[in-house]
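*Asks:* For reference, the structure I am asking about is given below.
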Amino acid sequence: MDKILHLEQDKIPRLLMRYSIPAIVGMGIQALYNIAARVFIGYSSVGIDGISALTASFPLLLIFIAFGMLFGIGGSAAFSIALGEKNNIKAEKIIAGTLFLLTVTTLFLTIITQIFAPKILSLFGASEKILQLSLDYTRIVIAGSVINSSAYAMNNFVRAQGKAKTAMLSMVAGGVLNIILDYIFIFIFKWGIKGVAVATVISQTVTGIIVFLYLFGKKSYIKIKIKNLIPAFEIVKVIISIGLAQFSIQLLTSLTNALLNNQLQKYGGDVALSLMGMIFSFMQIIFMPILGINQGSMPIMGYNYGAKKFERVIHTVYVAIAAATVIMTTGFIITRLFPAQILLAFGKQSNEILDKGVVAIKIFFSMSCLVGFQIAASGMFQAIGKPALSIIMTISRQLIFLIPLAYILPIFFQLNGIWLSIAASDLLATIVTAFFFFREIGILRKKIST
């Protein structure tokens, strides 16, 4: 057990850096290859239509990500708590059970979505002009979804065992390979948007191989054992109860993106859809480091919560919030100073796209300084096994605020009303998050004093 005692002994800032920096690097590379794909597509023969097609495909792919988070985040958080409780047998059952649940669920989703992909993509905002491009991309990526989801979800267990550098290596290897293959398949082989999809599947397979070589190998502190693959009901219940918050976040995000895509088509057509794709790509650059901090902080909080070291849980979340806020503020400043340059990074743009895009970026990111707090605070609730509060915060932003505003504000402000709805929901959701967060901090402080 002394291999992971540093989680309850090392200084929090140093520990968070140790866990978060590899996660930030790994997530950053993941963001970079997603951005590179859009940049390459923007400069390819399909151009803006290709970016629009990728944007229309995104809500469907988010459904797969949602299940990856349900089992990956839920399983790894439960796994960290079990380690903190010094219950290795339970930890073994959780890691193997997570892999089984993830594999079965993803296989089922793959079959369903392959059959109904045209109808789903049309519902998610793909116009007749870009539908075939969306299908070309989506069918290939979905075909590799089992290994893609496993690579993403099970990487959390590598990090939870204190092997943040190994987790980073798997993501960096896949990300760098993806960028290289994107260039080869798009510009040399001339495969267009299909090349992006093939590159994604191959690179994620490499990431998965690295992850499973570790989890089944001798260096893994808690290994995946075949005898534990079929989980008991209690294990399933624990995994799903903790992962339900992130699952809900991603499903609501999928629904929200689909509805936004339809609103964008209504008020701005494929041009507006391509703008969302470019803005989202830049947003990933800012968000991925914050998600890396979140992933780095969760094993620390989960372990110390299980070990009843509540003061370390509080210290960790405050350091995470401070770091996330600095990153979001930096991103906010960049959007004020260089909005046009952000758009031009994705190819030669028409005056129409530049004019609309500069306004969109400035409105979209106007409340972004608050988002780091939201993400870090939500991570704390997941890490300590209280996902219901994360679900409430997610519902408040996506379902109660964003979706209604995205339909009301465009009536008065047209296309700009959609960007404004995103900024307004960030502000309102921060208020809700702050209420629950500080209430929970008070509960933890009472536990420390008793």
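*Asks:* What size of dipole, in debye to the nearest 20, comes out for the chain about its Cα centre when the only charges are +1 on Lys and Arg C-beta atoms and -1 on Asp and Glu C-beta atoms?
*Replies:* 1300 debye
*Asks:* Now for a separate question. Between rounded, prolate and oblate, where does the range 363-406 land on the alpha carbon gyration tensor, with a ≥ b ≥ c its root eigenvalues, rounded for a/c under 1.5, else prolate if a/b exceeds b/c?
*Replies:* Taking the square roots of the gyration eigenvalues as a ≥ b ≥ c, the range 363-406 is oblate.
*Asks:* For K447, go through the aspartates and glutamates and keep the ones whose alpha-carbon is under 12 Å away, minus same-chain ones fewer than eight residues off.
*Replies:* Output for K447: E311.
*Asks:* Net charge near N228, counting Lys/Arg +1 and Asp/Glu -1 over other residues with Cβ under 15 Å of its Cβ?
*Replies:* My count for the surroundings of N228 gives +3.
*Asks:* Another question about this same structure. Taking Cα pairs under 8 Å and at least six residues apart, what relative contact order does the range 162-290 come out at, in percent?
*Replies:* 15 percent
*Asks:* Test of understanding: given the chain, find the longest segment containing no trypsin sites (Lys or Arg not before Pro) that are in a DSSP loop and have at most 14 other Cβ atoms within 10 Å.
*Replies:* Longest run free of exposed loop sites: 349-450.
*Asks:* Still on this structure, I have one more. Got the relative contact order for the chain handy, in percent, Cα pairs under 8 Å and 6 or more residues apart?
*Replies:* Reported relative contact order: 25 percent.
*Asks:* OK, next. Can you order the peptides 238-247, 97-106 by their average number of other Cβ atoms within 10 Å per residue, highest first?
*Replies:* With the highest mean Cβ count within 10 Å placed first, the list reads 238-247, 97-106.
*Asks:* Also, quick follow-up: On a 1.4 Å probe surface of the protein chains, which of E311, E8, E440 comes out largest in accessible area, and what is the full order?
*Replies:* Correct descending sequence by accessible area is E311, E8, E440.
*Asks:* Then there is this: So which residue, out of P410, P13, P299, gets the largest mean-square fluctuation from a GNM of the chain using Cα contacts under 10 Å as springs?
*Replies:* Maximum among the listed residues: P13.
*Asks:* Here's something else I'd like to know. Can you list which of the DSSP-assigned H helices in the chain have a Cα extent of 20 Å or more along the long axis and an average Kyte-Doolittle score of at least 0.0?
*Replies:* The qualifying helices are 12-42, 47-84, 88-123, 145-160, 164-183, 193-215, 233-306, 310-337, 415-449.
*Asks:* Accessible area of M17, 1.4 Å probe, to the nearest 10 Å²?
*Replies:* 120 Å²
*Asks:* Hey, could you get me the Stokes-Einstein D for the range 255-303, Kirkwood radius over alpha-carbon pairs, 10 °C and 1.306 mPa s, rounded to whole µm² s⁻¹?
*Replies:* 125 µm²/s
*Asks:* Only Cα pairs within less than 10 Å get springs; with that Gaussian network setup on the chain, which residue of L337, L131, L255 has the largest fluctuation?
*Replies:* Its mean-square fluctuation being the largest, the pick is L337.
*Asks:* Checking the cross-link filter: which lysines have an alpha carbon closer than 18 Å to that of K356, excluding same-chain neighbours under 8 positions apart?
*Replies:* K266, K348
*Asks:* Follow-up question, since we're still on this one. Could you work out [θ]222 nm for the chain from helices alone, using -39500 (n - 2.57) per DSSP H run of at least four and dividing by all its residues? Round to the nearest 500 deg cm²/dmol.
*Replies:* Per the formula, -29000 deg cm²/dmol.
*Asks:* If the elastic network links every pair of Cα atoms under 10 Å, which of A77, A377, A424 fluctuates the most in the Gaussian network model of the chain?
*Replies:* A424
*Asks:* Under a Cβ-Cβ cut-off of 10 Å, what is the net charge of the residues other than G125 that fall near it, where Lys and Arg count +1 and Asp and Glu count -1?
*Replies:* Residues close to G125 contribute a combined charge of 0.
*Asks:* Using Cα pairs under 8 angstrom and six or more residues apart, how large is the relative contact order of the range 9-109, in percent?
*Replies:* Relative contact order of the range 9-109: 19 percent.
*Asks:* At 7 Å along Cα-to-Cβ for each site, give me the label-to-label distance between E8 and T330 in nm.
*Replies:* The answer from the label model is 3.4 nm.
*Asks:* To the nearest 10 square angstrom, how much accessible area does S44 have with a 1.4 angstrom probe?
*Replies:* Result for S44: roughly 20 Å² accessible.
*Asks:* How charged is the neighbourhood of N304? Take every other residue with its Cβ under 14 Å from the Cβ of N304, and add Lys/Arg as +1 and Asp/Glu as -1.
*Replies:* +2
*Asks:* To continue, here is another question. Rounded to the nearest percent, how much of the accessible area of the range 145-261 (1.4 Å probe, protein heavy atoms only) is carbon and sulfur?
*Replies:* Ligands and nucleic acids excluded, carbon and sulfur give 74 percent.
*Asks:* Another one. Give the accessible surface of the range 57-134 per residue, rounded to a whole number of Å², with probe radius 1.4 Å and ligands, DNA and RNA excluded.
*Replies:* Averaged over the residues of the range 57-134, the accessible area is 38 Å².
*Asks:* Next question. Taking only the C-alpha atoms, wrap a convex hull around the range 297-450 and report its volume per residue in Å³ as a whole number.
*Replies:* 109 Å³
The values are calculated or read from the model by the stated rules, or taken from the named source; none is laboratory data. Note that the structure is predicted; figures quoted are calculated from it, not measured. Note: ideal-geometry Cβ built from the backbone for every residue, glycine included; neighbour counts use all protein chains shown. Areas reflect the complete protein model, heavy atoms only, side chains present, ligands, DNA and RNA absent. Shrake-Rupley method; radii C 1.70, N 1.55, O 1.52, S 1.80 Å.
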